[in-house]
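Q: Shown below is the structure under consideration.
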Amino acid sequence: MDSLAVKKNPPRLMAMREFIMLFILGGIVIVLCILSPAFADAKNFINIFKQAAISGILACGMMCVILTGGFDLSVGSIVGFSGVIAALFAQGNYPVVVPVFLAIASGLAVGLVNGACVSYLAIPAFVVTLGTQSIVRGLAYLASGGIPIFGVTRAYEKIAGGLLFNFVPLLVIYYVLIVLLFGYILSKTVYGRRIYMVGGNETSAKVSGINVNAVKMSVYGICGLLAGAAGCLLTSRTISGSPVTGSGYELDAIAAVVIGGISLDGGSGKWYGSMIGALMLAVISNGLDIMRVPSYYQYLFKGSIIVIAVYLDVRSRAKQ
């Protein structure tokens, strides 16, 4: 039984949802290309992937959490905290591997705390992650003294600021590799199937011999680890670490996952859905910026798409 993933929605309905969101993404791209020739420039498409990279990396971790039926509101604060930690140790006194390791380790630590509280202490995910969101943001302010930290080394800056073949940003390469890695984990490994089973039917997962608490704790750890990595990459890209960095990123990550067709009930959705969602949000932001549309209109577009995605999720579950 362990090798069978529980799918809460009929495959045809799931495929329809993903097809619709991909169709909408393609339609938005076509419309923006017509309205603004600058949007159709090849360099701009690379820039879109850069814009999607950080939220997309966060969405990969959030996807794992949501597939088990939970969610994590602390990832934005983890981005800020890990970025501050990375900036503090990227001043030139340590090898470049030190700030990278500490940023990722700090994110992993927060994620494991979240996971332990949710899985072993049975505290609701909303309460736990809302609390750690505030705590970790406070730690970021304490570590930085409430001010941005500048002066990272050139070697650290190149981690996310470098180019492959003088054209493709390394940040985009990291994003694509992470998406493919999680695609393999979720679709080809026993651990990935266990994530789906826990979210699909926790009781059945326990009967099948799966350590549900361990799986839940692990996905929060993964989510925190990726948030720490995202904080490290964002600090490298902006060559500074600020305690306010990452504010609102948790909502973008959740939105990307929901838009990509991952069910909020857990247990169903395709791994590439988070990439579709992250790209859609980046395309909208990029296109509206190019057309000089005020930023507050972006919230209207994003919110409308999220509502549509949730509606499709509800309808597909209603037809079970």
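Laboratory data are not the source of any read-out in this text; all were calculated from the coordinates shown. These figures come from a predicted structure and were not determined experimentally. Neighbour counts are summed over all protein chains in view; Cβ atoms, including those assigned to glycine, are modelled from backbone coordinates with ideal geometry.
Q: Set the bar at 24 Å for Cα to Cα. Now go through Lys188/Lys270; Lys216/Lys270; Lys158/Lys270 and name every pair that lies beyond it.
A: Lys158/Lys270
Q: Further question: How are the Cα pair distances of segment 31-185 distributed, in percent, across 5 Å bins from 0?
A: The calculated distribution, bin by bin, is 2, 8, 14, 16, 18, 16, 12, 8, 5, 1, 0.
Q: Can you give me the Kirkwood hydrodynamic radius for segment 206-253, using every pair of distinct Cα atoms, in Å to one decimal?
A: 12.8
Q: Answer rounded, prolate or oblate for segment 35-127, using the Cα gyration tensor with square roots of eigenvalues a ≥ b ≥ c: rounded when a/c is under 1.5, else prolate when a/b is larger than b/c, else oblate.
A: Oblate.
Q: Right, next: Dividing the Cα radius of gyration by the Kirkwood radius, what Rg/Rh value follows for segment 107-156?
A: 1.16
Q: Which whole-number percentage describes the relative contact order of the chain, with Cα contacts under 8 Å and a sequence gap of 6 or more?
A: It comes to 36 percent, rounded to a whole number.
Q: Excluding same-chain residues fewer than 8 positions from Lys302, which aspartates and glutamates have a Cα within less than 12 Å of its Cα?
A: Filter leaves Asp252.
Q: So, one more: Could you calculate the contour length gain from Lys206 to Val314, that is, 0.36 nm times the residue separation minus the distance between their Cα atoms, to one decimal place in nm?
A: 36.2 nm
Q: Moving to a separate point now. Taking the convex hull of the alpha carbon atoms in the chain, what volume per residue do you get, in Å³?
A: 134
Q: Turning to a different aspect of this structure: Using 0.36 nm per residue of separation minus the Cα-Cα distance, give me the extension gain between Val97 and Phe23 in nm, one decimal.
A: Extra length from Val97 to Phe23 when fully extended: 22.5 nm.
Q: How much length would be gained if the chain were fully extended between Lys158 and Val176, taking 0.36 nm per residue of separation minus their Cα-Cα distance, in nm to one decimal?
A: That works out to 4.7 nm of additional length.
Q: Taking the Cα centre of each part, how many Å lie between segment 238-308 and segment 195-235?
A: 21
Q: Determine the shape class of segment 21-87: with a ≥ b ≥ c the square roots of the Cα gyration tensor eigenvalues, call it rounded for a/c under 1.5, and otherwise prolate if a/b is greater than b/c, oblate otherwise.
A: oblate
Q: Distance in nm between label sites at Ser247 and Arg292, each 7 Å beyond Cα in the beta-carbon direction?
A: With each label placed 7 Å out from Cα toward Cβ, I get 2.8 nm.
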